[in-house]
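Beneath this line is the structure, given in structure tokens, with notes to follow.
What follows draws every value from the coordinates through simple rules; no lab data is involved. Quantities reported herein were computed from a predicted structural model and do not represent experimental measurements. Counting neighbours? That spans all protein chains shown, and the Cβs are built from the backbone with ideal geometry, glycine included.
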């Protein structure tokens, strides 16, 4: 399913690079979502990207963590349901990731957003939920997943408050939390295993 998602998102995003109308019709646009009830944009905004760098970063993260999450779901859930659960995880994280900007900007006709960053953040945090001490490489620098998660949330919160760039830091935070909540509800023992690993380290 991860490969299918990568191909699907890439095709739509690349088409949008040469046809702005595609991005305009699909992007997360809180003003139209609120005014015209175009709720589909809360999902479709995750399938278009601003530029090649934006697309490649998100697809690299999806490729790096998606297969592992798929396998975790297959092991812990009914095999017939696991693929659907994985797709719903991805979509849920996109929607929840877009909610903070929706509530902040639903009366602002000048705000819009694109990208699957909420979903990819959710996947990374689900990976950390099951592998809190496995190394994650950040700019070729390895660090335990749990350390990365803490630093990521601190930085994203700081950057969201500063609002000095065009990056949806709120979407990163909300998407990460959405991935954790969704997975813990589906696989309750995941939280138990996570806490056991933390306790083991502390003792």
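Taking all Cα-Cα distances within the chain, those exceeding 19 Å account for 61%. What the Cα atoms of the stretch 49-104 give is an Rg and a Dmax of 13.8, 39 Å. Taking other C-beta atoms within 10 Å as the exposure proxy, 90, 140, 127 rank 140, 127, 90 from fewest upward. Taking R0 as 41 Å, what FRET efficiency do you get between residue 133 and residue 164 from their Cβ-Cβ distance, rounded to the nearest 0.05? Given R0 = 41 Å and the Cβ-Cβ separation, E is 0.80.
Distance between the 7 Å Cα→Cβ label points at residue 51 and residue 150: 3.5 nm. Calculated FRET efficiency, residue 32 and residue 81, Cβ-Cβ r, R0 25 Å, to nearest 0.05? The formula returns an efficiency of 0.15 here. Entry note, the chain: the mean residue ellipticity at 222 nm calculated from DSSP H runs of n ≥ 4, each adding -39500 (n - 2.57), is -24000 deg cm²/dmol after division by the residues and rounding to the nearest 500.
Short-range pairs are left out: with C-alpha atoms under 8 Å and at least six residues apart, the relative contact order of the stretch 14-163 is 28 percent. Remark: the residue 104-residue 21 segment gains 27.4 nm on full extension, using 0.36 nm per residue and subtracting the alpha carbon distance.
Each of 2, 183 was scored by other Cβ atoms within 10 Å of its Cβ. Listed from fewest to most, they are 2, 183. Neighbour counts of other Cβ atoms within 10 Å put 164, 135 in the fewest-to-most order 164, 135.
Over all distinct Cα-Cα pairs of the stretch 98-203, the Kirkwood formula returns a hydrodynamic radius of 15.0 Å.
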